[in-house]
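The values are calculated or read from the model by the stated rules, or taken from the named source; none is laboratory data. Predicted model, so just to flag it, every value in this text is computed and none were measured. Note: ideal-geometry Cβ built from the backbone for every residue, glycine included; neighbour counts use all protein chains shown.
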Amino acid sequence: MNCMFNHSSEKVMKQPSAASKVDQQQQPEDSTEGDRENPEQLSGTVKTLSKFSSDPIKTDSSDFLNKVFQNNKENGEVKQVHKISLFPSSAPRSDEKTDSEGSFLSRATVIKRPAEDSFEDETSKKQKPSTPTRLLPKSVLNPPTTVQERMRYLKNAHESLKSKLRNKDDQYCVNLAVKLELEAAKSTTSKNVYERALKIAIYKIRSEDSPQGTPSSSESSQPVSKIDDPDWVIPKLSKLMAPKNKLKRNSFILQIPPPYDGHLSKKVMQCSHCGDDFILGEQMLHDDKCVYHPERPKLTKQVALTNSRYNNSYNTRTYPCCNTTIDDATAGCATLKHHVYKLEDPIEMHHKIPFIFTADRNVDYLAVGLDCEMGWTSFGFELIRVTVVDFFTEEKILDTIVQPLGKMIDLNTKFSGVSEITDSNSVSFKKMRDLLFNVINRQTIIIGHGLENDMNVLRLIHTKIIDTSILYSTHYDPKRKDPLRLLVSNFLNRKIQSGEHDSMEDALACIHIIKHKILERYT
């Protein structure tokens, strides 16, 4: 009975009442109320959409929707059809056609696919915003220094970038500082190399990204090419020169020594190679065989169960020249016919070869790198080669072999790089001085490493000195200065003196270190 009631009720609902028919006839054509209250018309429309297109959502055409309603009209599903207009204006468009009744649908509901931008907006809203980079050093496998030190360098880098890159926001400077610090930390395990690599990287970024019109000091805004500008560099070099008290403490001769009033030939000297005593005047008279090791012994750490850092009994000293330990070695692995010596007293040195001041000539070079090579003669430790390099162009301006004043005993080839001295490949000591004074004068800044040895063998008194061993030595004792190869390894991250000694290589290395010093101090 319930089923019958339901069935009959469905039939009643399908039949429109007489009152509704009267309302539809009295209703104006442009009314949209009937469209909203007629579910059969909407359901028929949706059914017809599936016939015309497999994806009705993509259909966005007035002609297509008109065809749909025309089809419903023919099938009897729609009793009155209005033309669809996608432009809901009161007046019809000129290109639209009217039906036989001349009516238009004043409003049409069109289903459209959401724009692609809306999907992107929704997707971007769902994504979590990226966390901004914090001003903290990133971890590396073998850090060059402690986290606290790296943090200090990172903060300095950030402040430096902020002060220069004023057109960038703070987060940009943070990201850049963290990136540069990480690259510097990965590049080396040496603290000195790390520090200079970071400063040079920041300097280059500041120079390249400097906005036009940004006010800055003339020194901090100079590009790297300014290092080759004498007007900019010379004042900086002047500040790096060693004061006279430091020069004197490091065995530089600053005044002409008084004359020697003794008998130097009767003086007992100790051989610089083997340590035996001999009378200076009899040095060349006898063939006293000198047996020695050309290289000094070096500490060799042995692998042991105990920590050799605290137990040196497992460590030994070995001569690199013959790979023998001090305990097992003989008196020496090399021999000379005569003993050799080196004068340390300025008066005795002046007695053998006089000291002079640098000449005051007109020269073209304001700053040079200088390196000398020495050999053993009857006059002691003498000059046998001199090399001078221009600071700005880094070109060799003087390189000559010098004939010693005394009789040659040992050319010291392994360390001097000079294998022979002949009349055709060398000049006299007097001629060498004349050539030297054509490229330097009293105002020329001379740059080198351990320059007291070079000035003493040149017998030259010069006060405008930049000595890398004085600037960078970690030892207070002048006799325990750091070697040049160690400074080059720490500051320039490269190796020198791996083979035969080259004075040109040493002179250039000192120039490169000083240029790094300028970048470090003035950037």
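Miscellaneous remarks
- Checking S221 against (1) modelled with pLDDT of 90 or more; (2) among the small types (G, A, S); (3) surrounded by 13 or more Cβ atoms within 10 Å (Cβ to Cβ), the condition it does not meet: (1)
- Those residues of the stretch 369-397 which are at positive phi and outside any strand (DSSP E or B), in sequence order: E394
- Among the conditions (1) at pLDDT 85 or above; (2) assigned to a loop (DSSP other than H, G, I, E, B); (3) over 18 Å from the mean Cα position of the chain (by Cα); (4) surrounded by 10 or more Cβ atoms within 10 Å (Cβ to Cβ), P144 misses just one, which is (3).
- Conditions (1) surrounded by 14 or more Cβ atoms within 10 Å (Cβ to Cβ); (2) at pLDDT 90 or above; (3) touching a Cys at 6+ places or on another chain (Cβ under 9 Å): number failed by K342: (3)
- Of all residues in the stretch 327-379, exactly one satisfies the criterion of being among the basic types (K, R) and touching a helix residue (DSSP H, G or I) at 6+ places or on another chain (Cβ under 9 Å), namely K352.
- Residues of the stretch 398-412 classified as surrounded by fewer than 18 Cβ atoms within 10 Å (Cβ to Cβ), aliphatic (A, V, I, L, M) and under 21 Å from L436 (Cβ atoms), total: 1
- Of the residues contained in the stretch 356-365, one or more are found to be in a loop (DSSP other than H, G, I, E, B), in contact with a Ser or Thr (Cβ under 9 Å, 6 or more places away or on another chain) and of a type in the set (F, W, Y).
- The stretch 484-504, subset surrounded by 14 or more Cβ atoms within 10 Å (Cβ to Cβ) and over 23 Å from the mean Cα position of the chain (by Cα), residue modelled with the highest pLDDT: M504
- When the stretch 461-483 is filtered for residues that are under 20 Å from P354 (Cα atoms) and either small (G, A, S) or surrounded by fewer than 22 Cβ atoms within 10 Å (Cβ to Cβ) (or both), the ones remaining, listed by number, are I461, T463.
- Among all positions in the stretch 297-311, there is no residue which is modelled with pLDDT of 80 or more, small (G, A, S) and surrounded by 11 or more Cβ atoms within 10 Å (Cβ to Cβ).
- Among the conditions (1) closer than 22 Å to E505 by Cβ; (2) touching a strand residue (DSSP E or B) at 6+ places or on another chain (Cβ under 7 Å), T377 misses just one, which is (1).
- In the stretch 454-478, residue modelled with the lowest pLDDT [restricted to those that are out of contact with any strand residue (DSSP E or B) (no Cβ under 7 Å at 6 or more places or on another chain) and in a helix (DSSP H, G or I)]: P478
- For N412: the one exception among (1) under 34 Å from the mean Cα position of the chain (by Cα); (2) farther than 25 Å from P243 by Cβ: (1)
- Test set (1) at pLDDT 80 or above; (2) surrounded by 13 or more Cβ atoms within 10 Å (Cβ to Cβ) - Y314 fails condition number: (1)
- Hits in the stretch 179-202 (condition: within 15 Å of L135 (Cβ to Cβ) and surrounded by fewer than 19 Cβ atoms within 10 Å (Cβ to Cβ)): K179, L182
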